[in-house]
Amino acid sequence: AQKITQTQPGMFVQEKEAVTLDCTYDTSDQSYGLFWYKQPSSGEMIFLIYQGSYDEQNATEGRYSLNFQKARKSANLVISASQLGDSAMYFCAMREEGAQKLVFGQGTRLTINP
Amino acid sequence: ETGVTQTPRHLVMGMTNKKSLKCEQHLGHNAMYWYKQSAKKPLELMFVYSLEERVENNSVPSRFSPECPNSSHLFLHLHTLQPEDSALYLCASSREILADTQYFGPGTRLTVL
């Protein structure tokens with residue numbers, strides 16, 4: 001079974017609109033971390049935002065926020081006021097307690113239209 | 001300035017060649033990782049190093065041979081690769097092996113002919 005599921009292979013959004021990228025995860029651990037990375041066409045995986053499973057508040061970093069719904073096991077990324085430079089692949093990832101590796105989803109390709 | 005650098009950025013090699021990928025991190029981290037990103041597949045962890053010791057090897061074929069001479073440098077030695085090994089190879093580092101955030105380099109896009 002997949003541990004990280006990103007159901008949107010591609011999304012198209014108008015510039016300046018907000019966009020939500022979906023991510024659901026599967027774990028039996030109580031302690032885990034959730035991450036979002038951005039991968040532009042250049043290939044580099046850029047860290048965006050982190051949410052710990054025990055964090056009571058949703059994480060925010062500038063225009064990025066993470067809509068964490070623990071009971072639903074979802075960790076959606078919200079980008080406010082999208083910009084052309086936001087066009088990229090976006091990956092959701094999880095690290096379970098005591099695990100060394102990140103488990104990544106399949107990714108969502110976001111395209112921002114002018 | 002990027003904290004994790006990788007060279008070369010692009011590499012084309014034949015199946016009988018021997019080549020090496022290099023990763024360097026300037027973040028003072030103690031853990032380093034190699035990932036493989038193939039088309040239409042999630043990233044796959046290949047190797048994990050902590051303080052120059054390998055702590056995880058995810059059933060990677062022996063034609064991939066990692067080397068970590070110090071906590072700032074990580075190599076991936078390649079020999080007798082197959083065309084299906086063509087992929088983007090990403091290096092990452094983190095403060096400690098179980099630290100929360102891993103920071104990635106730009107990757108090496110490898111094509112095996």
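List the aspartates and glutamates whose alpha-carbon lies under 19 Å from that of B:Lys41, not counting same-chain residues fewer than 8 positions away? Counting by Cα, and skipping residues close in sequence, B:Lys41 has these aspartates and glutamates nearby: A:Asp22, A:Asp26, A:Glu44, B:Glu84, B:Asp85.
Considering only A:Ala81, A:Ala99, A:Ala59, the Gaussian network model of chain A with Cα springs below 10 Å gives its largest mean-square fluctuation to A:Ala99. Taking other C-beta atoms within 10 Å as the exposure proxy, A:Asp29, B:Asp85 rank A:Asp29, B:Asp85 from fewest upward. With chain A treated as a Gaussian network of Cα nodes joined by springs under 10 Å, which of A:Tyr54, A:Tyr64, A:Tyr25 yields the largest mean-square fluctuation? Fluctuation is largest for A:Tyr54. When restricted to Cα atoms, chain B yields an Rg and a Dmax of 13.1, 39 Å, respectively. Using Cβ point charges alone (K and R +1, D and E -1), the dipole size of the protein assembly as shown about the Cα centre works out to roughly 660 debye.
By the Cβ rule of 4.7 Å, chain B holds the following cysteines without a possible disulfide partner: B:Cys68. Ranked for footprinting exposure by Cβ neighbours inside 10 Å, fewest first, B:Met46, B:Met32, B:Met15, A:Met94 give B:Met15, B:Met46, A:Met94, B:Met32.
With a 10 Å Cβ neighbour count serving as the proxy for reagent exposure, in which order, fewest first, do B:Glu56, A:Glu97 appear? Mind showing how you got there, number by number?
Numbers: B:Glu56 16, A:Glu97 12.
Going from sparsest to densest Cβ surroundings: A:Glu97, B:Glu56.
Every number in this text was worked out from the coordinates using simple rules, so none of it is lab data. Predicted model only: the values in this text are computed from it and were never measured. Because the Cβ atoms are built from the backbone with ideal geometry, glycine has one as well, and the counts that use them run over all protein chains shown.
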